[in-house]
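Every number in this text was worked out from the coordinates using simple rules, so none of it is lab data. The structure presented is a predicted model; accordingly, all values stated were derived computationally and were not measured. Every residue, glycine among them, receives a Cβ derived from its backbone with ideal geometry; neighbour counts consider all protein chains shown.
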Amino acid sequence: MATSINDSIWKTLITTIIPLCLGTLIFGMMIESYKNELNFRGDIMKDYYTPLVEKQRECIDIGESLSGDYNSLAGNYVVMLNQYKLFLSGQAPRLTDEFKNYLQNLLVSDREFRKSSEKHTRSLAQCKEELHQSYINVALVTGTLKEFKLLDDENNISLNKIDSIANLRADELREELKKIDLYKVLSSYFISGDPGDKRNDENDKYTQELITTKVQPLVEFFSFASKVEKERNAKTLQLSQKYNEILESEISSRYKRNWFSKTFF
């Protein structure tokens, strides 16, 4: 009878209690694994993905502002050039105090746009450096470094093409500006107040030719610079969109790859 009772106890342990304990242990491990996966996914979103998206938007906003600065400079120079042509033709408004203030404001605006473009140029360079590091960080954490490198290399090729065209235009403008006789320009300012100085006619003619022939390419260059920044910004946005799709797919698929959720959901 004792043997029968012992056999019964062992049978109960083997068939019921031990499997129940093991099942509880395994279930507990599965729960903890699932919780850890959720926490890791939450950490990626909070510590990597969200800051990356914010940095992408920041860089794109700065790029748009820089493009706007160049466009504003070009527009300001167009207004100045048109006003100068009106003076030459004798059709300009009377030089009242109000009109003087208007012309002075054009110069003030020019200075402000220049300062703004310099500020945005520095800010954009720093932002893009930080953005690239953010890309590397999130790529390492999510295991998508290879995918990012491919997209980044493709983006750099496009940017290099844009920059090569821009540099060519800049070199052409520099060559044109080298032809300017700075001495004649400065001399015209010092002797323009002396009606008896016969050099006035020569210097006035040179200054008029300078403004009408050299300023226009300068205006066109700033318009071109604005266009270049728009194109560069479009490439930054394109890289962001393509890589964000990869990241979102990778983060989302972590739910599907989790063996607990795959088994029970």
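Report D for the stretch 36-154 in µm² per second (integer): Stokes-Einstein, Kirkwood Rh on Cα pairs, 4 °C, 1.567 mPa s. Rounded, D is 72 µm²/s. Working from label points 7 Å from Cα in the Cα-to-Cβ sense, the Asn101 to Lys46 distance is 5.6 nm. Annotation: extensible slack from Leu237 through Gln83 equals 51.6 nm (criterion: 0.36 nm per residue apart, minus Cα-Cα distance). Taken over the stretch 56-99, the convex hull of the Cα atoms encloses 65 Å³ per residue.
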